[in-house]
Amino acid sequence: MKFGVVIFPGSNCDDDMLHVLGDTYSKPVTKLWHKDRDLQGCDFIVLPGGFSFGDYLRSGALARYSPIMEEVIDFAANGGFVMGVCNGFQILCESGLLPGALLRNENRLFQCENVHIKAEHANSRFTAHVPAGKALKIPIAHGEGRYHADAATLNAMNKNGQILYRYCNENGEVTPKANPNGSLENIAGVCNEAGNVFGMMPHPERAASEDLSNTDGRYIFDSLVYLGVIMEK
Amino acid sequence: MKYTAHINIMPQKALLDPQGKAVTGSMKNIGLPEIENVRVGKHITLEIDAANEAAAKGKVDDACTKLLANLIMETYEFHLQPMN
């Protein structure tokens, strides 16, 4: 499986993502420039974190219309795997590939800290290797991560199993106190109805190395990287 | 015919506007505690060339719904002003 990491002007977590996929997991991975239209035969597209286009207008709003996004949208419509982290998640929501929107944090702060999240279920290509009920320690770094969707959308997402990660405390309990940004229902990560597009606000690529004293992000990368194996089951 | 569009984009009324809340809090600091419920949005102006006002309105609606506003979190309104 070949990974492609899209770089927009203002992306700043692209090298972290390349390091984890290429060095930690020894997977073929390439950079894709936002002005290009060639996905270079990648099987999995990652939109990394950062501040694409300086967050002008709204986070992710301008990146959504970069030329490569037309290809990414077609790729996703044909079942291709797409993942967005932080600003990447915002871009996926702006592009309509994921439902909902990410609003300014309720407490007005830019939150930069380790938080805990847990997978809602393992029946997904983005959670399959996360142990049930385990609280993963993953850092967040965002000012606009308050997940919002209207009641009907949220209801349908819950029913379809599209809520993949929720903020929780270190014991895995989903509580209001464990919610760092005021997201509806402590939502930290969601997927589309078809299950091939996924976005999350926390940064698993910053938690996948012993050098950083945090490897919980690997449970998420294990799910992505061993995707082919899971799908063959 | 050329028009200037004056567009106002506001956070949806039902949604918390943390920016507005912070500004409301500062009103007390400038001696205006009677000011409440500040909400902060965006004002955008743009120029558009169109056959007539209806055509211009259609294009501005298109710009707002596709890019300038996100209707999941915001509302927009605008008026057109003919340019001389």
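The values are calculated or read from the model by the stated rules, or taken from the named source; none is laboratory data. Note that the coordinates shown come from a computational prediction; the quantities given were computed from them, not determined experimentally. Here Cβ is always computed from backbone atoms with ideal geometry, including for glycine, and neighbour counts include all displayed protein chains.
Things to note:
- None of A:101, A:128 is within 14 Å of chain B (Cβ to nearest Cβ) and either in contact with a Lys or Arg (Cβ under 9 Å, 6 or more places away or on another chain) or of a type outside the set (Asp, Glu) (or both) except A:101.
- For the stretch B:32-49, the criterion of being over 15 Å from the mean Cα position of the chain (by Cα), within 14 Å of chain A (Cβ to nearest Cβ) and within 25 Å of residue A:104 (Cα to Cα) is satisfied by no residue at all.
One line per residue, one yes/no per condition, for (1) in contact with a Lys or Arg (Cβ under 7 Å, 6 or more places away or on another chain); (2) farther than 30 Å from residue A:25 by Cα:
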residue: A:152; (1), (2): no, yes
residue: A:156; (1), (2): no, yes
residue: A:162; (1), (2): no, no
residue: A:174; (1), (2): yes, yes
residue: A:177; (1), (2): no, yes
residue: A:182; (1), (2): yes, yes
residue: A:187; (1), (2): yes, no
residue: A:201; (1), (2): no, no
residue: A:214; (1), (2): yes, no
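- One residue stands out among those in the stretch B:58-77 that are within 12 Å of chain A (Cβ to nearest Cβ) and not in a loop (DSSP other than H, G, I, E, B): the one that is farthest from the chain's Cα centre (by Cα), which is B:66.
- Every test in (1) buried (at least 22 other Cβ atoms within 10 Å of the Cβ); (2) free of Cβ contacts under 8 Å to residues at least 60 places away in the same chain is passed by residue A:87 save one, and that test is (2).
- Qualifying positions in the stretch B:1-15 - within 13 Å of chain A (Cβ to nearest Cβ) and exposed (fewer than 15 other Cβ atoms within 10 Å of the Cβ): B:14
- When the test is whether a residue is under 20 Å from residue B:67 (Cα atoms), more than 10 Å from chain A (Cβ to nearest Cβ) and either surrounded by fewer than 15 Cβ atoms within 10 Å (Cβ to Cβ) or out of contact with any Phe, Trp or Tyr (no Cβ under 8 Å at 6 or more places or on another chain) (or both), residue B:24 does not pass it.
- In the set (1) buried (at least 22 other Cβ atoms within 10 Å of the Cβ); (2) under 15 Å from residue A:89 (Cβ atoms), residue A:130 fails one condition alone, (2).
- Every residue from the stretch A:192-233 that is among the hydrophobic types (A, V, I, L, M, F, W, C), farther than 21 Å from residue A:172 by Cα, modelled with pLDDT of 90 or more and under 14 Å from the mean Cα position of the chain (by Cα): A:197, A:198
- When residues of the stretch A:35-69 are limited to those that are among the β-branched types (Val, Ile, Thr) and under 21 Å from residue A:100 (Cβ atoms), the one surrounded by the fewest Cβ atoms within 10 Å (Cβ to Cβ): A:45
- One residue from B:74, B:47, B:53 being closer than 18 Å to residue B:15 by Cα and in contact (Cβ under 8 Å) with a residue 40 or more places away in the chain: B:74
- Residue A:55 acidic (Asp, Glu) and in contact with an Asp or Glu (Cβ under 9 Å, 6 or more places away or on another chain): yes
- Filter result for residue A:73 (closer than 22 Å to residue A:149 by Cβ and hydrophobic (A, V, I, L, M, F, W, C)): yes
- Residues that are within 14 Å of chain B (Cβ to nearest Cβ), touching a Leu at 6+ places or on another chain (Cβ under 9 Å) and either farther than 25 Å from residue B:74 by Cα or of a type in the set (A, V, I, L, M) (or both) within the stretch A:131-167 comprise A:149, A:154, listed in sequence order.
- Enumerated helices (runs of 4 or more DSSP H) restricted to the stretch A:143-233, each holding at least 3 residues that are on the phi < 0 side of the Ramachandran plot and exposed (fewer than 14 other Cβ atoms within 10 Å of the Cβ): A:151-160, A:227-232
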